[in-house]
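Enquirer: Please find one structure pasted underneath; my questions will follow.
The values are calculated or read from the model by the stated rules, or taken from the named source; none is laboratory data. None of the values given here were measured: they were computed from a predicted structure. Heads up, the Cβs are rebuilt from the backbone with ideal geometry, glycines too, and the neighbour counts pull from every protein chain shown. Quick note on the areas: whole protein, heavy atoms, side chains included, nothing else; ligands and nucleic acids left out. Shrake-Rupley method; radii C 1.70, N 1.55, O 1.52, S 1.80 Å.
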Amino acid sequence: MSSVKLGSKADAFQKKGQAWFCTTGLPSDVIVEVGEMSFNLHKFPLLSRSGMMEKLIAEASGGGGEAGCVISLPDIPGGDKTFELVAKFCYGVKLELLATNVVYLRCAAEHLKMTEEYGEGNLISHTESFLNQVVLRNWKNSLVALQSCDDVLPLAEDLNITKRCIESLAVKAGSDPNLSGWPIVEYGGPMQSPGGSVLWNGISTGARVKNSCSDWWYEDVSCLSLPLYKRLISAMESRGIKQEVLAGSLTSYAMKYLPGLNRRQSAGESKNHLEPVDTGGLPSEEDQKLLLEELDKLLPNQKGLILTKILFSLLRTALILRASPSCISNLERRIGMQLDQASLEDLLLPNFSYTMETLYNVECVQRILEHFLAMDQVTGGVSPTSIDDGQLMGSPSLTSITMVAKLIDGYLAEVAPDNNLKLPDFQSLAAAVPDYARPLDDGLYRAIDIYLKAHPWLADADREQLCRLMDCQKLSLEACTHAAQNERLPLRIIVQVLFFEQLQLRTSISSCFLASDNIDGSRQLRSGLVASSDGGWNTAVKENQVLKVGMDSMRKRVSELEKECSNMKQEIQKLGRVGTSTWGNMSKKFGLNLKSQMCSAEEGSVSNHNSETGKGEQKKEKHGKHEKKQLSLE
């Protein structure tokens with residue numbers, strides 16, 4: 001750290017208990033009291049340098065200049081330690097100006113009126129020159145000087161010291177430290193400079209390489225108090241420093257003073273967490289709450305500048321500290337803007353309310369989801385009614401909302417086992433996701449099944465209402481197979497699942513038949529073109545065999561489903577509360593004749609058999625008449 005030496009005389013001050021004595025051989029004629037410390041000094045050295053001391057000595061002596069006057073300086077900036085340096089300066093004793101004491105000395109000199117009027121080369125001119133020529137030209141010295149402004153803030157503001165230090169730091173933070181060669185201090189460790197070991201004033205610092213990117217100053221400025229830090233960030237923003245750089249600094253500052261953000265740190269990483277230097281320990285909960293609310297006002301509103309995981313940690317801390325509703329709402333809105341970047345673990349926010357109705361804060365997650373959906377609509381969210389399927393699947397907005405839908409379905413499955421989770425809350429969160437956001441409803445079906453298992457006391461009407469959240473047509477074959485055998489589902493839902501599963505299989509079979517016809521036509525064309533090629537014929541035979549095996553397996557599956565449907569129909573007819581009218585209403589609801597469509601294969605085979613039998617009998621009868629006619633002629 002750069003310094004300037006003042007004075008030339010040897011140290012003539014000696015401390016005894018709570019008193020300082022000047023050992024010049026002359027008896028003391030003035031006592032200056034600063035706090036609990038007293039200084040036994042002489043009038044002339046003080047009168048020749050300080051206008052205030054001249055006035056106070058005159059008042060204390062009654063104008064007669066008697067010896068033994070006592071002067072009290074309770075408001076001197078820097079206290080007794082600073083006045084000790086002032087007294088040494090007045091006596092011409094050697095002292096050293098440093099970045100750690102220059103602000104105190106500058107303010108004390110101003111307070112004591114140590115101008116050029118009371119002696120050439122007075123303390124004001126020396127300290128002002130050191131500030132401008134040494135301190136403000138160096139990152140480390142400017143930062144240390146700004147920290148010391150906290151103790152003498154009113155006078156430092158009047159002297160423009162605080163503003164000059166902040167402007168100096170803002171300019172240097174926006175520059176490349178490699179080009180300027182500023183050494184960077186890391187509190188709690190040795191001095192380091194970007195670019196590795198460098199020569200500083202001709203002497204090798206031995207510093208190792210530190211991150212020379214735009215975040216090299218994060219740890220340094222995090223040692224500032226919140227008011228000074230806020231002013232520094234504002235100055236940097238006005239200087240044009242990028243928002244993502246400032247967001248990184250805000251995150252670093254928050255992680256230093258809010259221990260809740262570091263709850264996932266390992267034991268090896270905890271040593272990197274530095275305690276605030278001004279308090280000697282972590283702030284109180286009230287101070288943390290105020291700090292979080294102030295940082296929330298500084299956080300940028302742009303999406304993606306702050307990691308989603310960090311935002312969730314800030315929200316979790318705000319809920320624990322009971323921050324203001326506006327702070328919590330702002331954090332929820334910021335998270336909602338980038339909810340598609342969150343993970344399931346982030347959404348599992350514990351419920352910190354006094355009632356403790358549910359284990360997780362479901363209402364908070366629903367508000368976050370609402371912010372995301374509102375943002376998606378503002379930024380051009382798409383709807384399946386406006387464009388065709390091909391354009392819909394390629395939409396970036398749909399990709400994000402599909403990811404969020406999958407995330408919410410996973411969250412519902414995690415909170416579903418909670419016995420205190422009310423059915424309206426579960427339904428409200430599940431229904432908030434648009435239908436087009438779920439290509440498949442397998443995740444929603446899993447969450448509903450878990451909820452039904454954890455809440456066996458639900459009435460049949462509530463079960464059926466809950467199951468209406470999912471679309472049976474959007475279940476995969478695996479989910480349909482599971483649902484068809486799920487005893488927790490209402491009977492009506494099971495029938496719907498079986499019905500739509502059969503429709504899917506019939507559609508697949510029709511597609512296969514169509515593909516088979518196309519393949520046969522293409523094979524005939526190829527056989528006419530390459531009749532002399534035996535290899536093409538063998539390939540066609542093999543493809544035909546594979547297709548035939550697939551068709552046989554599908555026919556077997558359709559037959560099994562038809563048997564299950566028939567058994568289900570018989571079970572429904574046995575139930576007293578489900579009669580023939582109910583089955584007819586269900587058939588009308590689907591708009592199809594179940595008997596004609598689901599069992600058409602059986603009826604078709606029977607009708608074909610009857611027609612062939614009738615034709616055979618007619619043929620036999622005709623043949624008999626012909627034989628009788630021949631016999632009569634004979």
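Enquirer: Just to verify a number: FRET efficiency for Val4 and Ser175, C-beta to C-beta distance, R0 = 25 Å, to 0.05?
Expert: 0.45
Enquirer: Compute the accessible area per residue over region 396-468, keeping the other protein chains in place, probe 1.4 Å, unit Å².
Expert: Value for region 396-468: 44 Å² per residue.
Enquirer: Among 435-448, 319-332, how do they line up by average Cβ neighbours within 10 Å per residue, starting with the highest?
Expert: 435-448, 319-332
Enquirer: Å³ per residue of the Cα convex hull, for region 450-493?
Expert: 72 Å³
Enquirer: Pull out a ≥ b ≥ c, the square roots of the eigenvalues of the alpha-carbon gyration tensor of region 291-369, then state rounded if a/c is under 1.5, prolate if not and a/b is larger than b/c, and oblate in the remaining case.
Expert: oblate
Enquirer: Given 0.36 nm per residue, what is the gain on full extension from Glu59 to Leu348 after removing their alpha carbon distance, in nm?
Expert: In short, 97.0 nm is gained.
Enquirer: Quick one: with all protein chains in place, what share of the accessible area of region 396-461 is carbon or sulfur, to the nearest percent (1.4 Å probe)?
Expert: About 59 percent, which is the carbon plus sulfur part of the accessible surface.
Enquirer: Ok, one more. Starting from the Cα-Cα distance between Lys453 and Met568, subtract it from 0.36 nm times their residue separation and give me the gain in nm to one decimal.
Expert: 39.1 nm
Enquirer: Going through region 95-128, which GluC sites (Glu not before Pro) have at most 11 other Cβ atoms within 10 Å and a DSSP loop state?
Expert: Glu120
Enquirer: For region 112-170, how big is the tail of P(r) above 15 Å, as a whole percent of Cα pairs?
Expert: That tail contains 51 percent of the Cα-Cα pairs.
Enquirer: Quote to one decimal, in nm, the extra length available between Asp75 and Ala432 on full extension: 0.36 nm per residue of separation minus the C-alpha distance between them.
Expert: 122.2 nm
Enquirer: HN-Hα J couplings of region 149-164 from phi, Karplus 6.51/-1.76/1.60, θ = phi - 60°, integer Hz, Gly and Pro as x?
Expert: Working through the residues one at a time gives 5, 4, 6, 10, 4, x, 6, 5, 5, 5, 7, 6, 6, 4, 5, 5 Hz.
Enquirer: Here's another thing I want to ask about it. For region 281-352, which whole percent of the accessible surface, found with a 1.4 angstrom probe, sits on carbon and sulfur atoms?
Expert: Taking all protein chains in place, region 281-352 shows 55 percent carbon and sulfur surface.
Enquirer: Which FRET efficiency, nearest 0.05, do Ser252 and Asp471 yield, Cβ-Cβ r, R0 41 Å?
Expert: That pair, Ser252 with Asp471, gives E of 0.30.
Enquirer: While we're here: Using modelled backbone amide H atoms (1.01 Å from N, in-plane), which distant-in-sequence or interchain residues come within less than 5 Å of Leu97's amide H?
Expert: For Leu97, whose amide H was placed from the backbone, the distant partners under 5 Å are Val4, Lys5, Leu6.
Enquirer: At 1.4 Å probe size, with every protein chain present, just tell me what the per residue accessible area of region 57-163 comes to in Å².
Expert: Roughly 41 Å² per residue, with all protein chains present.
Enquirer: Around Trp20, which amide H atoms from residues at least 5 apart in sequence, or from another chain, sit under 5 Å from its own amide H, with H modelled in the peptide plane?
Expert: Ser38, Phe39, Asn40
Enquirer: Share of region 1-140's accessible area from carbon and sulfur, percent, 1.4 Å?
Expert: The value for region 1-140 is 51 percent carbon and sulfur by accessible area.
Enquirer: Which links in Lys5/Lys88; Lys422/Lys453; Lys163/Lys256; Lys88/Lys113; Lys140/Lys230; Lys81/Lys163 stretch past 21 Å when you go from one Cα to the other?
Expert: Lys163/Lys256; Lys81/Lys163
Enquirer: Hey, another quick one. Based on the Cβ-Cβ distance from Glu33 to Thr399, what FRET efficiency comes out when R0 is 60 Å, to the nearest 0.05?
Expert: 0.20
Enquirer: Compute the distribution of all C-alpha to C-alpha distances in region 1-139, in bins of 5 Å from 0, and list the percent of pairs in each, rounded to whole numbers.
Expert: For region 1-139, the pair-distance distribution reads 2, 10, 20, 23, 22, 13, 6, 3, 1, 0, 0.
Enquirer: Turning to a different aspect of this structure: Filter the trypsin sites (Lys or Arg not before Pro) in region 66-145 down to the DSSP loop ones having no more than 14 other Cβ atoms within 10 Å, then list what survives.
Expert: Answer by residue number: Lys94.
Enquirer: Now for a different question. Across 5 Å bins from 0, what is the distribution of all Cα-Cα pair distances for region 402-484, in whole percents?
Expert: In order of increasing distance, the bins hold 3, 16, 28, 27, 19, 7, 1 percent.
Enquirer: List the residues whose amide H sits under 5 Å from the amide H of Thr115, counting only those 5 or more places along or on another chain, with H placed 1.01 Å from N in the peptide plane.
Expert: Gly51
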